[in-house]
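Reviewing the structure listed below.
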Amino acid sequence: MRMSTDHPAVTVVEARALHFRAGASHILRGVDLTVRRGEVVALLGANGSGKSTLVKSLVGINAPTQGEARLLGAPVGSGVDWSRVGYVPQRSGAGGGIPSTAQEVVASGLLHGRRLRLPRGWRERVAAALDQVGLGDRGGDPVHLLSGGQQQRILIARALVREPDLLILDEPVAGVDVASQEAFAATMRRLVDDGLTVLVVLHELGELEPLVTRAVVLGHGKVVHDGAPPRPREDHDRAGHRHQHPHADDNTLGEQARALDLEVRP
């Protein structure tokens with residue numbers, strides 16, 4: 001069962017002076033980040049700004065070169081209760097090349113740490129998670145036969161099957177069809193209303209914009225904005241279609257806003 005939201009000041013995600021180097025590349029440069037219970041925080045920035053590297057450091061995939069990361073009050077590592085954390089990586093084949101069914105992939109989300117056997121009632125939990133992402137009737141389907149958008153929703157269901165307190169998502173709707181984006185947004189609305197805490201990497205706010213309570217913008221491995229979500233300026237191409245341009249640079253907040261082509265809400 002998810003944590004109560006009666007005490008929203010409780011810190012769920014914390015990074016302090018986080019650095020990460022890969023060879024000669026200094027990717028994260030002293031990142032500070034706090035996410036409190038019940039918040040929906042969008043992590044924005046240009047390609048190469050360090051968004052995915054930061055997320056991977058928070059979930060224990062990357063070991064920080066310097067600084068500290070904590071989840072649910074514990075240093076990232078074996079002390080974290082990973083059963084309370086759902087993680088969705090950047091888009092990849094949900095089946096990983098293995099001829100698995102949707103049910104099997106989602107059920108794998110219930111295996112973590114020393115738990116090597118599925119718990120009682122796992123079928124019901126898997127069915128509920130698939131329902132949450134609008135794929136309740138596809139549990140028996142081989143994942144490799146599903147569309148890219150459906151495969152991404154399967155990965156989201158795999159994270160949700162744990163009934164997590166914290167959900168961390170790395171560009172969950174990048175490259176998926178509009179129907180999948182809308183289904184994902186509808187799922188997130190229900191979960192956020194139920195008190196879920198979310199940290200989500202996005203290229204643009206899109207359908208999730210009404211849910212986002214705070215935006216953190218990275219530029220060249222540093223936090224260049226942490227506050228109100230930006231309001232996109234709309235422009236039109238020759239065919240009259242709307243476009244948003246969340247491309248980031250860094251330095252000052254004013255420069256960041258111009259580089260993003262966004263107006264920061266007062």
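Please work out if residue 33 is crowded, with 22+ Cβ neighbours inside 10 Å, under 19 Å from the mean Cα position of the chain (by Cα) and outside any helix (DSSP H, G or I). No, not satisfied. Here region 75-90 is the region considered, the condition is being assigned to a helix (DSSP H, G or I) and touching a strand residue (DSSP E or B) at 6+ places or on another chain (Cβ under 9 Å), and the residue that is farthest from residue 157 (Cα to Cα) is 82.
Buried (at least 20 other Cβ atoms within 10 Å of the Cβ), in contact with an Asp or Glu (Cβ under 9 Å, 6 or more places away or on another chain) and closer than 13 Å to residue 15 by Cα: does that describe residue 54? The answer is no for residue 54.
Whether a residue is surrounded by 15 or more Cβ atoms within 10 Å (Cβ to Cβ), at pLDDT 95 or above, outside any helix (DSSP H, G or I) and among the charged types (D, E, K, R) was assessed, and residue 70 passes this test. Which residue out of 94, 46, 15 is buried (at least 18 other Cβ atoms within 10 Å of the Cβ), modelled with pLDDT of 90 or more and outside any strand (DSSP E or B)? The unique qualifying residue is 46. For residue 129, the stated conditions do not hold, so it cannot be described as crowded, with 20+ Cβ neighbours inside 10 Å, touching a Gly at 6+ places or on another chain (Cβ under 6 Å), at pLDDT 75 or above and among the aliphatic types (A, V, I, L, M). For region 49-61, a residue qualifies if it is within 14 Å of residue 87 (Cα to Cα) and part of a loop (DSSP other than H, G, I, E, B), and the qualifying residues are 59, 60, 61.
Determine if region 191-212 includes at least one residue that is at pLDDT below 80 and farther than 22 Å from residue 89 by Cβ. No, every residue in region 191-212 fails to be at pLDDT below 80 and farther than 22 Å from residue 89 by Cβ.
Of the residues making up region 166-186, those that are surrounded by fewer than 22 Cβ atoms within 10 Å (Cβ to Cβ), within 21 Å of residue 215 (Cβ to Cβ) and not hydrophobic (A, V, I, L, M, F, W, C) are 170, 171, 181. Check off (1) more than 16 Å from the chain's Cα centre (by Cα); (2) surrounded by fewer than 22 Cβ atoms within 10 Å (Cβ to Cβ); (3) farther than 22 Å from residue 78 by Cβ; (4) in contact (Cβ under 8 Å) with a residue 40 or more places away in the chain for residue 24 and give me the number that stays unchecked. Of (1) more than 16 Å from the chain's Cα centre (by Cα); (2) surrounded by fewer than 22 Cβ atoms within 10 Å (Cβ to Cβ); (3) farther than 22 Å from residue 78 by Cβ; (4) in contact (Cβ under 8 Å) with a residue 40 or more places away in the chain, only one is false for residue 24: (4). Residues of region 178-214 that are of a type in the set (S, T, N, Q) and free of Cβ contacts under 8 Å to residues at least 40 places away in the same chain: 180, 181.
Could you tell me whether any residue of region 142-153 is under 21 Å from residue 41 (Cα atoms) and buried (at least 20 other Cβ atoms within 10 Å of the Cβ)? Within region 142-153 (the criterion being under 21 Å from residue 41 (Cα atoms) and buried (at least 20 other Cβ atoms within 10 Å of the Cβ)), the answer is yes, since at least one residue qualifies.
The values are calculated or read from the model by the stated rules, or taken from the named source; none is laboratory data. All values reported here derive from a predicted model rather than from experimental measurement. In this analysis, Cβ positions are derived from the backbone assuming ideal geometry, glycine residues included, and neighbour counts consider all displayed protein chains.
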